[in-house]
1. What single numbered condition from (1) charged (D, E, K, R); (2) surrounded by 14 or more Cβ atoms within 10 Å (Cβ to Cβ); (3) within 20 Å of VAL50 (Cα to Cα) fails to hold for ARG153?
2. Quick one: would you say ILE160 is among the hydrophobic types (A, V, I, L, M, F, W, C) and either free of Cβ contacts under 8 Å to residues at least 40 places away in the same chain or in a loop (DSSP other than H, G, I, E, B) (or both)?
3. Return the residues of the range 55-86 that are in a loop (DSSP other than H, G, I, E, B) and over 16 Å from the mean Cα position of the chain (by Cα); say none if nothing qualifies.
4. Just name the residue that is farthest from ALA142 (Cα to Cα) out of those in the range 72-113 that are without any contact (Cβ under 8 Å) to a residue 60 or more places away in the chain and among the β-branched types (Val, Ile, Thr).
5. Is the range 139-151 home to any residue that is in a strand (DSSP E or B) and small (Gly, Ala, Ser)?
6. Which condition number does VAL34 fail, the rest of (1) out of contact with any Lys or Arg (no Cβ under 6 Å at 6 or more places or on another chain); (2) at pLDDT below 95; (3) farther than 25 Å from ASN140 by Cβ; (4) surrounded by 16 or more Cβ atoms within 10 Å (Cβ to Cβ) being met?
7. Please tell me if VAL58 is buried (at least 20 other Cβ atoms within 10 Å of the Cβ), in contact with a strand residue (DSSP E or B) (Cβ under 8 Å, 6 or more places away or on another chain) and at pLDDT below 95.
Amino acid sequence: MASRSIGIGRASSGRSSTVNSGWARTRSISARCVAEDRDRDERGLDSATVIGHVHLQVSRLDEAERFYADVLGFDLTQRYGPAALFVAAGGYHHHIGMNTWHSAGAPPPPPNAIGLRHFVVVLPNDAARADVEARLRAANIAFESRPDGLLVRDPSQNAILFTLV
């Protein structure tokens, strides 16, 4: 079966996606490959899947900007009017897009709702992980330290897992 890499990053299984600014690969993906994976394993795409970027629905764009740019340190790369913005690392055009097109002022989804469980940001080394942890602590943002990385939720309750390469 053909590789299922898309854009940049490394994927995780289940309803999650991964972004990684450290390296880039682009390969095609077909609906047939996705369907074959889903038939074999209903948890989601193959764990080797690579996602170039994610787009998130957020409740308030100003809170999202403060969290992703000011706290986490992503670069604000573009603003699309009052309803969308894009952030990135390493000079890329965007790794994370956020909008309020269908979610302005909305509460977080209830537990176990259909949707993205989390996305993964792959960090290059322990120093980068320590920097993320220090930024979260300085901003008094709760996070969970897990064997696979740091799990944190943005102000709209989108979960991000920071992990190492």
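1. (3)
2. Working: among the hydrophobic types (A, V, I, L, M, F, W, C): yes; either free of Cβ contacts under 8 Å to residues at least 40 places away in the same chain or in a loop (DSSP other than H, G, I, E, B) (or both): no.
It is false that ILE160 is among the hydrophobic types (A, V, I, L, M, F, W, C) and either free of Cβ contacts under 8 Å to residues at least 40 places away in the same chain or in a loop (DSSP other than H, G, I, E, B) (or both).
3. The first filter runs over the range 55-86 and keeps only residues in a loop (DSSP other than H, G, I, E, B), leaving 58-60, 72-74, 81-83.
Scanning the range 55-86 gives SER59, ARG60, GLY81, PRO82, ALA83.
4. Here the residue is THR77.
5. Yes, that holds for at least one residue.
6. Condition (4) is where VAL34 drops out.
7. Working: buried (at least 20 other Cβ atoms within 10 Å of the Cβ): yes; in contact with a strand residue (DSSP E or B) (Cβ under 8 Å, 6 or more places away or on another chain): yes; at pLDDT below 95: no.
Taking the combined requirement at face value, the residue does not satisfy it.
Here's the yes/no breakdown for (1) closer than 15 Å to LEU56 by Cβ; (2) in a loop (DSSP other than H, G, I, E, B); (3) more than 15 Å from the chain's Cα centre (by Cα); (4) of a type in the set (Phe, Trp, Tyr):
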position: MET98; (1), (2), (3), (4): yes, no, no, no
position: TRP101; (1), (2), (3), (4): yes, yes, yes, yes
position: ALA104; (1), (2), (3), (4): yes, yes, yes, no
position: ASN112; (1), (2), (3), (4): no, yes, yes, no
position: LEU116; (1), (2), (3), (4): yes, yes, no, no
position: ALA128; (1), (2), (3), (4): no, no, yes, no
position: ALA134; (1), (2), (3), (4): no, no, yes, no
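The values are calculated or read from the model by the stated rules, or taken from the named source; none is laboratory data. Since the structure is predicted, the reported quantities are computational estimates derived from the model, not experimental observations. Because the Cβ atoms are built from the backbone with ideal geometry, glycine has one as well, and the counts that use them run over all protein chains shown.
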